[in-house]
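The values are calculated or read from the model by the stated rules, or taken from the named source; none is laboratory data. Keep in mind the model is a prediction, meaning the values are calculated, not measured. No Cβ is skipped: glycine too gets one built from the backbone with ideal geometry, and neighbour counts run over all protein chains shown. When the accessible area is computed, the model is the full protein with side chains, heavy atoms only, and any ligands, DNA or RNA have been set aside. Shrake-Rupley method; radii C 1.70, N 1.55, O 1.52, S 1.80 Å.
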Amino acid sequence: MNYFLAKNKDVKPCKGKLKGYTISVKDNICTKGLETTAGSQILKGYKPVFDATVIEKIKASGGDILAKANMDEFGFGSFNINTHKVPQNPLDKSRVTGGSSGGSAAAVKDLDNHISIAESTGGSIANPASFCGVVGYTPTYGLVSRYGLIDYANSLDKIGIVSRKVRECKMMMNIIQGQDFKDSTSIKHEEDYEKKSLEVKGMTLGVPKEYLEASKEVKEAFEKTISQLKSKGVKIKSVSLKKNANYSIPTYYLIAMSEASTNLAKYSGLRYGVEGNTNLKYNDYFKQVRTEYFGDEAKRRIVLGTYARMAGFREQYYDKALRVRTLLIDEYKEVFKEVDAIIHPTMPMVAPRFEEVKNLDPLAIYQMDLLTVGANLGGFPHISIPMKKEGLPAGIMITGNHLEDFKVLSIGEHIEN
Ligand code: GLN
């Protein structure tokens, strides 16, 4: 099913708290001695000489890494089809896994007692979790160190967890959380996530009225979940995220591509990964390597991101997007004054077939991230929980205010049960 890329031949059985589990990690997180390519051919053969902080922490807790999980090249995508080895959805091999952390979600669905460390920039944990019927948790920006993560867009990237049960996210979060002097954006905040979940009775959950456009089956499952929550004493309130509904997609893609295009400048066949034709002169060498080994989506983002940052356009695009981002975060913050958390479907549909997405134009694909990018632009903690009992799975996404991760996990655990 192609959900793994490099596999660790010398993997040791996990001990301690992690005993009985196997662990995979998204291919954009550095693992010492184990090939790490961020799903890109340009990094073929790159074996980091160090472990990312999250990997160090897992190893210190008795864990070891079984394999690197497949992903869209550098995280660029929503279906994990932007890669040289496309993974299949374990529930139906004619369907996508979702992305970009498709390998993580597919592995967790397919393997018992498996936890995967994944990463989200604009929804890459929640989306594949929804399509594969597993739990995907993205912590508040900065709670988990990004040191050793191959950056997509630094102001958006967050390392998180994919598992079968919320309880396993809580356990893993206790292991990987914490401030790290090697990541200046990591924040000083630690908590015991494994304590008993909060009561949901009496909580108020907000449903954004703009976020309900979904397929019939997803809508029905969502409505059913809402009525179950109501019967448990949860108050449901209709709220509005109108600015996010209108502007989060262009804002996200401008910022993400701008940051991505600078991050990709270092891949030139000189320091990391592949080597090109060394008889060429510097500029030709650089061009040959980047032409041959970057995929189409990576090239598209380099061009668009570079354009948006260019002198003369920067103020019009990138700087403006940064200002709009603040307004979008404020809109969420206003809603959090009235509700404990926000809930809506994670993706507007169940996992599509490969043939359905093959010929979609890029803008149509970007548009499908509408429900996940807002929480990611704001760095808000969110979790996707399977909510559909029959047929193909679909997730419900719960988003909380900054640092209210425990509340988000608690609501998630309640819905799961
Ligand atoms: N689909 C989004 C994108 O292509 C999100 C990807 C991610 O979170 N890594 O940018």
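Evaluated against (1) in contact with a Lys or Arg (Cβ under 6 Å, 6 or more places away or on another chain); (2) farther than 22 Å from Val166 by Cα, Gly400 falls short on exactly one condition, (2). Do we find that Phe380 is touching a residue at least 60 places away in the same chain (Cβ under 8 Å) and open to solvent by 10 Å² or more (accessible area, probe 1.4 Å) in this structure? It is false that Phe380 is touching a residue at least 60 places away in the same chain (Cβ under 8 Å) and open to solvent by 10 Å² or more (accessible area, probe 1.4 Å). From the list Ala364, Ala375, the lone residue that is within 20 Å of Leu254 (Cα to Cα), surrounded by fewer than 24 Cβ atoms within 10 Å (Cβ to Cβ) and either within 16 Å of the ligand (Cβ to nearest atom) or in contact (Cβ under 8 Å) with a residue 60 or more places away in the chain (or both) is Ala364. Contact map, the range 285-304: first residue more than 17 Å from Ser100 (Cα to Cα), second residue within 16 Å of the ligand (Cβ to nearest atom), Cβ cut-off under 7 Å, separation 6 or more or different chains; pairs are Ile302/Ser261; Ile302/Leu264; Leu304/Met257.
Among the residues of the range 383-396, the one identified as open to solvent by 10 Å² or more (accessible area, probe 1.4 Å) and small (Gly, Ala, Ser) is Gly391. Hey, among the residues in the range 107-118 that are open to solvent by less than 10 Å² (accessible area, probe 1.4 Å) and away from the ligand (no atom under 16 Å from the Cβ), which one's farthest from the chain's Cα centre (by Cα)? Filtering first and then ranking leaves His114.
Within the range 228-250, restricting attention to residues that are open to solvent by less than 10 Å² (accessible area, probe 1.4 Å) and part of a helix (DSSP H, G or I), the residue that is farthest from Ile150 (Cα to Cα) is Leu229. Residues in the range 318-340 that are within 28 Å of Glu220 (Cα to Cα) and touching a Pro at 6+ places or on another chain (Cβ under 9 Å): Val335 alone. Applying the condition of being in a loop (DSSP other than H, G, I, E, B) and open to solvent by 10 Å² or more (accessible area, probe 1.4 Å) to the range 52-62 and asking which residue is nearest to Ser145 (Cα to Cα) yields Ser61.
Touching a residue at least 60 places away in the same chain (Cβ under 8 Å), open to solvent by less than 80 Å² (accessible area, probe 1.4 Å), of a type in the set (Gly, Ala, Ser) and under 24 Å from Lys333 (Cα atoms): does that describe Ala221? Here the answer is no, as Ala221 does not meet what is asked. Filtering the range 88-103 to residues that are of a type outside the set (A, V, I, L, M, F, W, C) and within 15 Å of the ligand (Cβ to nearest atom) leaves Thr97, Gly98, Gly99, Ser100, Ser101, Gly102, Gly103. Leu198 meets the stated requirement of being in contact with a helix residue (DSSP H, G or I) (Cβ under 8 Å, 6 or more places away or on another chain) and open to solvent by 20 Å² or more (accessible area, probe 1.4 Å).
For every residue, the table says whether it meets (1) over 30 Å from Pro48 (Cα atoms); (2) over 23 Å from the mean Cα position of the chain (by Cα); (3) within 16 Å of the ligand (Cβ to nearest atom).
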{"residue": "Glu190", "(1), (2), (3)": "no, no, no"}
{"residue": "Leu198", "(1), (2), (3)": "yes, yes, no"}
{"residue": "Ser227", "(1), (2), (3)": "yes, yes, no"}
{"residue": "Val239", "(1), (2), (3)": "yes, yes, no"}
{"residue": "Ala256", "(1), (2), (3)": "no, no, yes"}
{"residue": "Tyr293", "(1), (2), (3)": "no, yes, no"}
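Annotation: of all residues in the range 119-159 being part of a strand (DSSP E or B) and near the ligand (Cβ under 10 Å from one of its atoms), the one that is nearest to the chain's Cα centre (by Cα) is Ser120. Considering the range 63-87, and only residues there that are open to solvent by less than 10 Å² (accessible area, probe 1.4 Å) and within 9 Å of the ligand (Cβ to nearest atom), the residue that is nearest to Thr121 (Cα to Cα) turns out to be Gly75. Quick check on Glu355: is it over 20 Å from Ser124 (Cβ atoms) and open to solvent by 40 Å² or more (accessible area, probe 1.4 Å)? So Glu355 passes the test. Among the residues of the range 299-314, at least one is touching an Asp or Glu at 6+ places or on another chain (Cβ under 8 Å) and over 24 Å from Phe131 (Cα atoms).
Selection of the range 147-193 for residues being among the small types (Gly, Ala, Ser) and buried (at least 23 other Cβ atoms within 10 Å of the Cβ) yields Gly148, Ala153, Gly160, Ser163.
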